[in-house]
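Below is one structure, written out as structure tokens, with a few remarks after it.
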């Protein structure tokens, strides 16, 4: 059982999360979260949850099913008690398929623990129809428009 006090500095806490992820140290990882941690994924509202116990269940499964998980903390910016973080998570799923997510997570820190998180992590789509098709999909249009169209 770890007795290390949680860091008060949001950047130090995020770096502790990062080290725990790469060590696959579930106890150290979960220890970074407040008991009433609130998680939301604005692009996927049905994935919201409250509580450190759900963090434990989620990450126990990830650590077990992606044994070579590596987390790259690409950047951290702190404003008051909020840490803005950019991540790349890679590894191999049990099926042999790549585990490859990129994105941003905002964390709110209270009393040296992660009190809330707003996750914008998405699987990497390496192939697809390209930006023009994506914009058409976003706008509901079927024809090209604008200069050079």
Name the one entry in 126, 111, 118 that is under 22 Å from residue 52 (Cβ atoms) and exposed (fewer than 14 other Cβ atoms within 10 Å of the Cβ). 111
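Go through 74, 61 for me and flag whichever is loosely packed, with under 14 Cβ neighbours inside 10 Å, more than 30 Å from residue 138 (Cα to Cα) and without any contact (Cβ under 8 Å) to a residue 24 or more places away in the chain. So that I can check it myself, show each step before the final result.
Numbers: 74 fails: more than 30 Å from residue 138 (Cα to Cα).
Just a single option satisfies the conditions, and that option is 61.
Go through segment 25-41 and give me each residue that's part of a strand (DSSP E or B), crowded, with 17+ Cβ neighbours inside 10 Å and out of contact with any helix residue (DSSP H, G or I) (no Cβ under 6 Å at 6 or more places or on another chain). Quick ask: steps written out before the conclusion?
Restricting attention to segment 25-41, the residues satisfying the condition of being part of a strand (DSSP E or B) are 33-40.
The next check asks that each one be crowded, with 17+ Cβ neighbours inside 10 Å; those that pass are 33-34, 37, 39.
The answer is 34, 39.
Is it true that some residue in segment 112-126 is more than 14 Å from the chain's Cα centre (by Cα) and closer than 30 Å to residue 142 by Cα?
To start, the set of residues in segment 112-126 that are more than 14 Å from the chain's Cα centre (by Cα) comprises 112-113, 115, 125-126.
Within this subset, residues satisfying the condition of being closer than 30 Å to residue 142 by Cα are 125-126.
Taking every residue of segment 112-126 in turn, at least one turns out to be more than 14 Å from the chain's Cα centre (by Cα) and closer than 30 Å to residue 142 by Cα.
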Restricting the search to segment 79-138, which residues are touching a residue at least 40 places away in the same chain (Cβ under 8 Å) and either out of contact with any strand residue (DSSP E or B) (no Cβ under 6 Å at 6 or more places or on another chain) or outside any strand (DSSP E or B) (or both)? 81, 109, 110, 111, 112
If residue 14 meets every condition in (1) in contact with a helix residue (DSSP H, G or I) (Cβ under 9 Å, 6 or more places away or on another chain); (2) crowded, with 18+ Cβ neighbours inside 10 Å; (3) closer than 21 Å to residue 110 by Cβ apart from one, which number is that one? (1)
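Rule-based calculations on the coordinates, nothing more; no lab input. Quick caveat, the model's predicted, so the values are computed rather than measured. Positions of Cβ are generated from backbone atoms using ideal geometry, with glycine treated the same way; all protein chains shown enter the neighbour counts.
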